[in-house]
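This report concerns only the one structure given below.
The values are calculated or read from the model by the stated rules, or taken from the named source; none is laboratory data. All figures in this text were calculated on a predicted structure; none of them were measured in a lab. All Cβ positions, glycine included, derive from the backbone under ideal geometry; neighbour counts span all protein chains shown. Note: areas computed on protein heavy atoms with side chains; ligands, DNA, RNA excluded. Shrake-Rupley method; radii C 1.70, N 1.55, O 1.52, S 1.80 Å.
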Amino acid sequence: MKFLVLTCIFLNVLVAPWGLAQRAAHWGCACAVPLILCKVCLFVLVLVAIESSLAKLRLFRISEFLGAAFVISVAAMVTSIFPGA
């Protein structure tokens with residue numbers, strides 16, 4: 001619920017102020033609710049696309065970390081086998 005409220009504030013104030021009711025009439029509020037929900041759904045889709053692309057970038061960097069961990073573990077094994085060399 002908090003995410004929905006903060007998303008509505010963010011979208012209506014900073015991004016796109018369209019879709020808001022002009023007056024406190026029933027017809028204006030009835031038309032504004034679907035438009036705001038549509039705007040929130042579009043924002044959530046963009047947010048999902050950004051988050052999934054960042055997760056893929058982190059996944060591709062795992063190989064670098066695994067390679068560094070492998071080299072360190074091999075160096076540790078060599079120093080444990082040949083301690084005085």
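Of the residues S73, S80, only one is modelled with pLDDT of 85 or more, surrounded by 10 or more Cβ atoms within 10 Å (Cβ to Cβ) and over 22 Å from N12 (Cβ atoms); which? The conditions single out S73. The set of residues in the range 14-28 that are assigned to a helix (DSSP H, G or I) and either under 17 Å from L47 (Cβ atoms) or in contact with a His (Cβ under 8 Å, 6 or more places away or on another chain) (or both) comprises L14, V15.
Taken over the range 1-55, the residue count meeting the criterion of being touching a residue at least 12 places away in the same chain (Cβ under 8 Å) and open to solvent by 90 Å² or more (accessible area, probe 1.4 Å) is 1.
Please verify whether the range 41-54 includes one or more residues that are part of a helix (DSSP H, G or I), at pLDDT below 90 and touching a Leu at 6+ places or on another chain (Cβ under 7 Å). Yes, some residue in the range 41-54 is part of a helix (DSSP H, G or I), at pLDDT below 90 and touching a Leu at 6+ places or on another chain (Cβ under 7 Å).
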